[in-house]
1. So GLN96 passes all but one of these: (1) surrounded by fewer than 22 Cβ atoms within 10 Å (Cβ to Cβ); (2) within 22 Å of the chain's Cα centre (by Cα). Which condition number does it fail?
2. Of the conditions (1) closer than 30 Å to ALA127 by Cα; (2) surrounded by 14 or more Cβ atoms within 10 Å (Cβ to Cβ); (3) not acidic (Asp, Glu), PHE253 fails just one. Which one is it?
3. Return the total of residues in the range 203-230 being at pLDDT below 95 and either closer than 30 Å to ARG29 by Cβ or not hydrophobic (A, V, I, L, M, F, W, C) (or both).
4. List pairs: first in the range 325-345 and farther than 16 Å from HIS300 by Cβ, second assigned to a strand (DSSP E or B) and modelled with pLDDT of 95 or more, Cβ under 7 Å, 6+ apart or cross-chain?
5. Among the small types (Gly, Ala, Ser), on the phi < 0 side of the Ramachandran plot and surrounded by 17 or more Cβ atoms within 10 Å (Cβ to Cβ): is that true of ALA328 in this structure?
6. Filter the range 251-301 down to the residues that are among the basic types (Lys, Arg) and either assigned to a strand (DSSP E or B) or over 21 Å from ARG91 (Cβ atoms) (or both) and list them by number.
7. Return the total of residues in the range 45-72 being at pLDDT 95 or above and in a loop (DSSP other than H, G, I, E, B).
8. Going through the range 73-115 one residue at a time, which ones are more than 28 Å from CYS232 (Cβ to Cβ), part of a helix (DSSP H, G or I) and among the small types (Gly, Ala, Ser)?
Amino acid sequence: MKPSVTIVGFGLAGAFAATELLRRGHRLRIVDDVRPGAASPVGPGQINPLATRRFRVGWKLDEALPAALDTYRAAESACGEPLYHARPILRIVKDQTQAEDLEKRRDEPDAARWIRDPSPAEQQCIANRLRAPFGAFVTYGGGWLDVPGYLEVMRRTLQSDPRVHWNPPETAMLREPFAALPDSGPTVWCEGWRARHNPLWRNIDHNPAKGEWMRVRLGEPLRADVIVNGPCWIQPLPDGTARAGATYTWSSFESGPTADARITLVKNLAATYNGPFEILSQHVGVRPIVRDTRPVAGRHPEQPDHWILNGLGSKGALYGPWAARLLAAAMDEGAPLPREIDVTRYFR
């Protein structure tokens with residue numbers, strides 16, 4: 001029988017790690033300790049193949065996107081609920097430099113396969129509802145994961161699985177530095193931004209970023225089957241409201257929503273959406289980012305019972321399932337991790 005694995009943290013990283021390790025036959029102990037500032041419970045879960053300012057194809061996209069879609073389809077099949085919403089992205093061109101970058105990308109086959117011109121209905125949405133003086137285009141392959149819904153489904157699934165022990169009392173000792181549970185097998189740390197306080201991972205160049213977004217009601221609703229990406233992203237929701245965001249700040253991680261962020265969000269939404277809107281609520285979470293913006297996965301080079309899956313940042317819905325598969329293969333088979341995500345890059 002394969003050893004039991006303890007997973008500390010049950011945001012997206014913890015859920016993805018649990019999925020892959022269970023699939024490989026491990027028993028699990030899961031420490032689900034949601035604390036203020038956690039990103040996953042409020043994450044918009046967006047996937048954008050051309051997310052960069054210069055419309056370049058996302059890093060490792062051809063590996064990460066299929067892994068993500070496979071994971072979400074499997075979860076939907078098991079629970080019978082829609083969790084991942086594939087959506088074209090109406091991408092607003094912000095200035096002349098971006099307009100020139102777009103023309104370059106259209107000439108590059110790797111990028112051009114993700115780009116198309118807006119349909120007549122999408123063009124009407126752009127003309128009537130958005131501010132796009134430099135134009136807009138459509139990105140294929142986008143969408144959004146219902147992150148709270150996905151995590152709730154995974155909790156229900158795992159809590160009913162006899163191979164999983166949820167918040168067992170013995171895991172309380174893991175709050176001690178370098179603690180390991182007796183006869184427990186390895187521990188995978190999926191703590192989000194709080195990993196920067198864990199002495200095991202002090203070598204990692206943590207750079208968490210607080211993000212805030214608003215839930216709004218638009219005076220003239222956008223099409224429900226798109227995502228808008230401009231000075232502000234706008235994510236229409238099934239209930240007729242929309243998410244709009246987001247900010248980046250690098251302090252006050254445990255505080256709630258702020259007035260400064262609200263001012264920024266309102267300004268950016270007004271620069272994107274051509275119409276009135278009503279603010280319904282404001283939400284905040286801290287993205288677990290590291291300085292080189294790549295995921296962090298692998299085995300501690302000095303504490304071999306300890307592993308990590310972290311650093312998913314604002315792209316956890318895209319890169320998390322892929323990184324979790326690689327981590328599980330490394331734990332089970334000793335498969336090498338890509339050097340770009342291997343935690344040992346911080347211990348050299």
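The values are calculated or read from the model by the stated rules, or taken from the named source; none is laboratory data. All values reported here derive from a predicted model rather than from experimental measurement. Reconstructed Cβ throughout: ideal geometry from the backbone, glycine too, with neighbour counts over all protein chains shown.
1. (2)
2. (1)
3. 4
4. Listed pairs, sorted by first residue: LEU326/ALA297.
5. Considered against the rule, which asks whether it is among the small types (Gly, Ala, Ser), on the phi < 0 side of the Ramachandran plot and surrounded by 17 or more Cβ atoms within 10 Å (Cβ to Cβ), ALA328 comes out as yes.
6. ARG262, ARG287, ARG291, ARG294, ARG299
7. 11
8. Across the range 73-115, the qualifying residues are ALA74, ALA75, SER77, ALA78.
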